[in-house]
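Here the structure comes first, spelled out in C-alpha coordinates, and everything after it is commentary.
The values are calculated or read from the model by the stated rules, or taken from the named source; none is laboratory data. Being a predicted model, the structure only gives us computed values, none of them experimental. Ideal geometry is used to build each Cβ from the backbone, glycine not excepted, and the neighbour counts take in all protein chains shown.
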(Lines give C-alpha, C1' and ligand atoms only; values in the text may rest on other atoms or scores of the structure.)
Protein backbone atom coordinates (compact mmCIF):
# COMPACT_ATOMS: atom_id res chain seq x y z
CA UNK A 1 0.00 0.00 0.00
CA UNK A 2 1.52 3.26 -1.10
CA UNK A 3 1.82 6.10 1.40
CA UNK A 4 0.22 9.44 0.53
CA UNK A 5 2.57 12.11 -0.66
CA UNK A 6 3.46 14.62 2.05
CA UNK A 7 1.47 17.82 1.96
CA UNK A 8 3.30 20.65 0.29
CA UNK A 9 2.15 24.17 1.04
CA UNK A 10 1.74 26.29 -2.07
CA UNK A 11 4.47 28.88 -2.56
CA UNK A 12 3.69 32.29 -1.16
CA UNK A 13 2.69 34.81 -3.77
CA UNK A 14 4.69 38.03 -3.77
CA UNK A 15 2.92 40.73 -1.77
CA UNK A 16 1.12 43.42 -3.75
CA UNK A 17 2.91 46.76 -3.93
CA UNK A 18 2.09 49.31 -1.27
CA UNK A 19 -0.42 51.95 -2.31
CA UNK A 20 0.84 55.50 -2.76
CA UNK A 21 -0.83 56.49 0.52
CA UNK A 22 0.77 53.55 2.31
CA UNK A 23 4.18 54.54 0.90
CA UNK A 24 3.65 58.08 2.20
CA UNK A 25 2.60 56.93 5.66
CA UNK A 26 5.41 54.38 5.95
CA UNK A 27 8.00 56.95 4.81
CA UNK A 28 6.82 59.44 7.43
CA UNK A 29 6.74 56.80 10.16
CA UNK A 30 10.25 55.55 9.39
CA UNK A 31 11.64 59.09 9.20
CA UNK A 32 10.07 60.02 12.55
CA UNK A 33 11.01 56.72 14.23
CA UNK A 34 14.70 56.91 13.37
CA UNK A 35 16.60 58.62 16.22
CA UNK A 36 18.09 61.28 13.97
CA UNK A 37 20.19 63.99 15.57
CA UNK A 38 18.26 67.03 16.74
CA UNK A 39 14.85 65.76 15.59
CA UNK A 40 11.78 64.42 17.37
CA UNK A 41 11.76 60.62 17.48
CA UNK A 42 10.34 57.84 19.61
CA UNK A 43 12.86 58.62 22.39
CA UNK A 44 12.81 62.42 22.26
CA UNK A 45 9.98 64.95 22.09
CA UNK A 46 10.04 68.73 21.90
CA UNK A 47 8.07 70.78 24.41
CA UNK A 48 5.42 71.60 21.81
CA UNK A 49 5.76 68.61 19.51
CA UNK A 50 5.75 64.89 20.21
CA UNK A 51 6.51 61.68 18.39
CA UNK A 52 2.81 60.83 18.63
CA UNK A 53 2.02 64.01 16.67
CA UNK A 54 4.17 62.72 13.83
CA UNK A 55 2.56 59.28 13.93
CA UNK A 56 -0.93 60.79 13.71
CA UNK A 57 0.20 63.09 10.89
CA UNK A 58 1.70 60.18 8.95
CA UNK A 59 -1.65 58.42 8.91
CA UNK A 60 -3.66 61.58 8.23
CA UNK A 61 -1.98 62.39 4.90
CA UNK A 62 -2.46 58.98 3.27
CA UNK A 63 -5.84 59.63 1.56
CA UNK A 64 -4.63 62.90 0.03
CA UNK A 65 -1.49 61.26 -1.32
CA UNK A 66 -3.49 58.37 -2.73
CA UNK A 67 -5.58 60.94 -4.63
CA UNK A 68 -2.71 63.20 -5.73
CA UNK A 69 -2.58 61.92 -9.31
CA UNK A 70 -6.30 62.60 -9.72
CA UNK A 71 -6.75 65.81 -7.74
CA UNK A 72 -3.46 67.54 -8.52
CA UNK A 73 -0.42 68.66 -6.54
CA UNK A 74 -1.82 71.77 -4.90
CA UNK A 75 -5.12 70.22 -3.87
CA UNK A 76 -3.36 67.13 -2.49
CA UNK A 77 -0.97 69.27 -0.49
CA UNK A 78 -3.79 71.41 0.91
CA UNK A 79 -5.93 68.39 1.76
CA UNK A 80 -3.00 66.69 3.52
CA UNK A 81 -2.33 69.80 5.61
CA UNK A 82 -6.03 70.15 6.43
CA UNK A 83 -6.24 66.52 7.50
CA UNK A 84 -3.18 66.97 9.68
CA UNK A 85 -4.32 70.19 11.33
CA UNK A 86 -7.69 68.61 12.14
CA UNK A 87 -5.84 66.16 14.36
CA UNK A 88 -2.60 67.89 15.42
CA UNK A 89 -2.40 71.39 16.86
CA UNK A 90 0.94 72.42 15.37
CA UNK A 91 2.83 72.11 12.09
CA UNK A 92 4.37 68.66 11.77
CA UNK A 93 4.61 68.04 8.05
CA UNK A 94 4.19 71.04 5.75
CA UNK A 95 7.57 70.43 4.12
CA UNK A 96 6.82 66.74 3.75
CA UNK A 97 3.42 67.46 2.15
CA UNK A 98 5.00 69.92 -0.27
CA UNK A 99 7.58 67.32 -1.28
CA UNK A 100 5.34 64.27 -1.40
CA UNK A 101 2.45 65.80 -3.37
CA UNK A 102 4.29 66.11 -6.73
CA UNK A 103 6.01 62.76 -6.22
CA UNK A 104 2.70 61.08 -5.41
CA UNK A 105 1.09 62.66 -8.49
CA UNK A 106 3.42 60.72 -10.84
CA UNK A 107 1.54 57.69 -12.28
CA UNK A 108 2.91 54.32 -11.15
CA UNK A 109 3.48 53.44 -14.81
CA UNK A 110 5.93 56.33 -15.23
CA UNK A 111 9.51 56.46 -13.90
CA UNK A 112 9.34 58.81 -10.96
CA UNK A 113 12.58 60.69 -11.65
CA UNK A 114 11.36 61.72 -15.09
CA UNK A 115 7.70 61.91 -14.18
CA UNK A 116 8.08 64.44 -11.39
CA UNK A 117 9.61 66.93 -13.81
CA UNK A 118 6.61 66.59 -16.07
CA UNK A 119 4.26 67.04 -13.11
CA UNK A 120 6.04 70.21 -12.03
CA UNK A 121 5.88 71.67 -15.53
CA UNK A 122 2.12 71.16 -15.67
CA UNK A 123 1.30 72.93 -12.37
CA UNK A 124 -1.53 75.41 -12.73
CA UNK A 125 -2.57 78.65 -11.07
CA UNK A 126 -4.93 76.57 -8.91
CA UNK A 127 -1.98 74.51 -7.70
CA UNK A 128 -0.22 77.72 -6.74
CA UNK A 129 -3.26 79.07 -4.89
CA UNK A 130 -3.83 75.80 -3.02
CA UNK A 131 -0.17 75.54 -1.98
CA UNK A 132 -0.17 79.12 -0.66
CA UNK A 133 -3.32 78.31 1.29
CA UNK A 134 -1.69 75.16 2.69
CA UNK A 135 1.37 77.11 3.84
CA UNK A 136 -0.77 79.72 5.56
CA UNK A 137 -2.86 77.03 7.23
CA UNK A 138 0.20 75.16 8.50
CA UNK A 139 1.75 78.43 9.72
CA UNK A 140 5.26 76.99 10.04
CA UNK A 141 7.84 78.49 12.35
CA UNK A 142 11.00 79.94 10.85
CA UNK A 143 9.30 80.74 7.55
CA UNK A 144 11.14 84.04 7.11
CA UNK A 145 10.27 86.82 4.69
CA UNK A 146 10.68 87.13 0.95
CA UNK A 147 11.25 90.23 -1.17
CA UNK A 148 8.72 89.02 -3.72
CA UNK A 149 5.82 86.54 -3.73
CA UNK A 150 5.91 86.36 0.08
CA UNK A 151 3.34 83.81 1.18
CA UNK A 152 2.13 85.97 4.07
CA UNK A 153 1.64 89.22 2.20
CA UNK A 154 1.20 88.37 -1.48
CA UNK A 155 -1.37 86.61 -3.61
CA UNK A 156 -0.26 83.32 -5.09
CA UNK A 157 1.58 83.80 -8.39
CA UNK A 158 0.22 82.20 -11.57
CA UNK A 159 3.20 79.85 -11.65
CA UNK A 160 4.11 78.05 -8.44
CA UNK A 161 7.55 77.28 -9.85
CA UNK A 162 8.30 81.02 -9.95
CA UNK A 163 7.64 81.29 -6.22
CA UNK A 164 9.69 78.18 -5.49
CA UNK A 165 12.56 79.49 -7.60
CA UNK A 166 12.48 82.78 -5.69
CA UNK A 167 12.71 80.85 -2.38
CA UNK A 168 15.20 78.18 -3.50
CA UNK A 169 18.28 79.85 -2.03
CA UNK A 170 16.79 79.94 1.46
CA UNK A 171 14.62 76.83 1.49
CA UNK A 172 15.61 73.24 0.67
CA UNK A 173 12.03 72.22 -0.06
CA UNK A 174 11.52 75.02 -2.56
CA UNK A 175 14.87 74.11 -4.13
CA UNK A 176 13.56 70.65 -4.99
CA UNK A 177 10.81 72.20 -7.11
CA UNK A 178 13.33 74.43 -8.85
CA UNK A 179 15.88 71.64 -9.41
CA UNK A 180 13.44 68.77 -10.14
CA UNK A 181 14.23 67.00 -6.87
CA UNK A 182 17.91 66.70 -7.66
CA UNK A 183 18.91 66.31 -4.01
CA UNK A 184 16.63 63.29 -3.68
CA UNK A 185 17.80 61.48 -6.79
CA UNK A 186 21.48 62.45 -6.66
CA UNK A 187 22.14 62.28 -2.93
CA UNK A 188 19.50 60.87 -0.57
CA UNK A 189 18.38 57.81 -2.55
CA UNK A 190 21.89 56.67 -3.57
CA UNK A 191 23.15 57.20 -0.01
CA UNK A 192 20.31 55.23 1.57
CA UNK A 193 20.60 52.42 -0.97
CA UNK A 194 24.38 52.19 -0.57
CA UNK A 195 24.19 52.01 3.22
CA UNK A 196 21.46 49.35 3.18
CA UNK A 197 23.37 47.36 0.56
CA UNK A 198 26.45 47.56 2.80
CA UNK A 199 24.52 45.82 5.57
CA UNK A 200 23.16 48.68 7.65
CA UNK A 201 19.66 48.49 9.04
CA UNK A 202 17.30 50.98 7.46
CA UNK A 203 17.23 53.01 10.69
CA UNK A 204 21.02 53.23 10.77
CA UNK A 205 21.08 54.17 7.08
CA UNK A 206 18.59 56.99 7.69
CA UNK A 207 20.74 58.44 10.49
CA UNK A 208 23.95 58.06 8.50
CA UNK A 209 22.35 59.72 5.47
CA UNK A 210 21.14 62.62 7.61
CA UNK A 211 24.63 63.26 9.02
CA UNK A 212 26.23 62.94 5.58
CA UNK A 213 23.88 65.56 4.16
CA UNK A 214 24.39 67.91 7.11
CA UNK A 215 28.15 67.63 6.54
CA UNK A 216 27.91 69.02 3.00
CA UNK A 217 24.78 71.21 2.93
CA UNK A 218 23.32 73.84 5.24
CA UNK A 219 19.94 72.93 6.71
CA UNK A 220 17.85 75.91 5.67
CA UNK A 221 15.49 75.73 8.66
CA UNK A 222 18.48 76.14 10.98
CA UNK A 223 19.83 79.00 8.87
CA UNK A 224 16.50 80.85 8.89
CA UNK A 225 16.15 80.46 12.66
CA UNK A 226 19.77 80.86 13.78
CA UNK A 227 21.72 82.40 10.90
CA UNK A 228 24.33 81.24 8.42
CA UNK A 229 27.14 81.10 10.98
CA UNK A 230 25.20 78.57 13.03
CA UNK A 231 24.41 76.63 9.87
CA UNK A 232 28.14 76.39 9.17
CA UNK A 233 28.81 75.20 12.72
CA UNK A 234 26.26 72.43 12.22
CA UNK A 235 28.00 71.41 9.01
CA UNK A 236 31.39 71.31 10.73
CA UNK A 237 30.01 69.24 13.62
CA UNK A 238 28.42 66.75 11.20
CA UNK A 239 31.71 66.39 9.33
CA UNK A 240 33.49 65.74 12.63
CA UNK A 241 31.03 62.93 13.42
CA UNK A 242 31.88 61.22 10.13
CA UNK A 243 35.61 61.63 10.80
CA UNK A 244 35.26 60.14 14.28
CA UNK A 245 34.94 56.58 12.99
CA UNK A 246 33.04 54.30 10.63
CA UNK A 247 29.29 54.09 11.00
CA UNK A 248 28.44 51.60 13.74
CA UNK A 249 31.70 52.06 15.66
CA UNK A 250 31.85 53.22 19.28
CA UNK A 251 33.60 56.45 18.27
CA UNK A 252 30.94 57.20 15.67
CA UNK A 253 28.11 56.66 18.14
CA UNK A 254 29.83 58.74 20.81
CA UNK A 255 30.28 61.60 18.36
CA UNK A 256 26.71 61.16 17.17
CA UNK A 257 25.45 61.46 20.75
CA UNK A 258 27.51 64.61 21.32
CA UNK A 259 26.15 66.12 18.12
CA UNK A 260 22.57 65.30 19.12
CA UNK A 261 23.05 66.84 22.58
CA UNK A 262 24.51 70.03 21.09
CA UNK A 263 21.68 70.42 18.56
CA UNK A 264 19.11 70.16 21.38
CA UNK A 265 20.95 72.55 23.73
CA UNK A 266 19.09 75.64 22.47
CA UNK A 267 15.51 74.42 22.72
CA UNK A 268 14.80 73.12 19.25
CA UNK A 269 16.02 76.13 17.27
CA UNK A 270 18.82 73.98 15.80
CA UNK A 271 16.37 71.32 14.63
CA UNK A 272 17.52 70.14 11.15
CA UNK A 273 13.92 69.92 9.99
CA UNK A 274 14.49 70.62 6.30
CA UNK A 275 16.86 67.66 6.06
CA UNK A 276 14.27 65.47 7.81
CA UNK A 277 11.65 66.46 5.22
CA UNK A 278 13.97 65.41 2.40
CA UNK A 279 14.65 62.07 4.08
CA UNK A 280 10.91 61.39 4.27
CA UNK A 281 10.54 62.20 0.58
CA UNK A 282 13.47 59.94 -0.34
CA UNK A 283 11.97 57.10 1.68
CA UNK A 284 8.66 57.58 -0.12
CA UNK A 285 10.39 57.19 -3.49
CA UNK A 286 12.32 54.17 -2.24
CA UNK A 287 9.17 52.45 -0.98
CA UNK A 288 7.26 53.31 -4.17
CA UNK A 289 10.07 51.82 -6.25
CA UNK A 290 10.69 48.90 -3.88
CA UNK A 291 14.41 49.54 -3.80
CA UNK A 292 15.00 49.22 -0.04
CA UNK A 293 13.36 45.84 0.53
CA UNK A 294 16.17 43.61 -0.71
CA UNK A 295 17.21 43.20 2.93
CA UNK A 296 14.88 42.37 5.81
CA UNK A 297 12.86 45.57 6.40
CA UNK A 298 11.87 44.44 9.89
CA UNK A 299 15.46 44.79 11.10
CA UNK A 300 15.32 48.34 12.40
CA UNK A 301 17.50 48.21 15.50
CA UNK A 302 20.79 50.14 15.42
CA UNK A 303 23.73 47.84 14.80
CA UNK A 304 26.73 48.84 16.94
CA UNK A 305 30.10 47.38 16.04
CA UNK A 306 32.45 47.21 19.03
CA UNK A 307 36.08 47.71 18.34
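Overview of values
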{"item": "Filtered residues of the range 191-222 (kept if closer than 30 Å to residue 162 by Cβ and part of a helix (DSSP H, G or I))", "result": "213, 214, 220, 221, 222"}
{"item": "Test: residue in the range 187-194 that is over 18 Å from residue 100 (Cβ atoms), touching a helix residue (DSSP H, G or I) at 6+ places or on another chain (Cβ under 7 Å) and surrounded by fewer than 19 Cβ atoms within 10 Å (Cβ to Cβ)", "result": "no"}
{"item": "Test for residue 95: is it surrounded by 17 or more Cβ atoms within 10 Å (Cβ to Cβ), within 15 Å of the chain's Cα centre (by Cα) and at pLDDT 95 or above", "result": "yes"}
{"item": "Pair list, Cβ < 6 Å and 6+ apart or interchain, from the range 76-88 residues that are farther than 22 Å from residue 106 by Cα to residues that are crowded, with 19+ Cβ neighbours inside 10 Å and modelled with pLDDT of 95 or more", "result": "84/57; 84/60; 84/93; 87/60; 88/53; 88/57"}
{"item": "Scope the range 12-47; condition modelled with pLDDT of 95 or more and over 25 Å from residue 238 (Cα atoms); matching residues", "result": "19, 20, 21, 22, 23, 24, 25, 26"}
{"item": "In the range 242-295, residue nearest to the chain's Cα centre (by Cα) [restricted to those that are under 30 Å from residue 141 (Cβ atoms), at pLDDT 95 or above and in a loop (DSSP other than H, G, I, E, B)]", "result": "272"}
{"item": "Subset tally (residues that are under 15 Å from residue 117 (Cα atoms), touching a residue at least 40 places away in the same chain (Cβ under 8 Å) and part of a helix (DSSP H, G or I)) for the range 176-190", "result": "5"}
{"item": "Verdict on residue 43 being closer than 16 Å to residue 276 by Cβ and over 18 Å from the mean Cα position of the chain (by Cα)", "result": "yes"}
{"item": "Per-region count, the range 242-274, residues crowded, with 20+ Cβ neighbours inside 10 Å and free of Cβ contacts under 8 Å to residues at least 40 places away in the same chain", "result": "2"}
{"item": "Residue count, the range 61-88 (criterion: surrounded by fewer than 24 Cβ atoms within 10 Å (Cβ to Cβ) and touching a helix residue (DSSP H, G or I) at 6+ places or on another chain (Cβ under 8 Å))", "result": "15"}
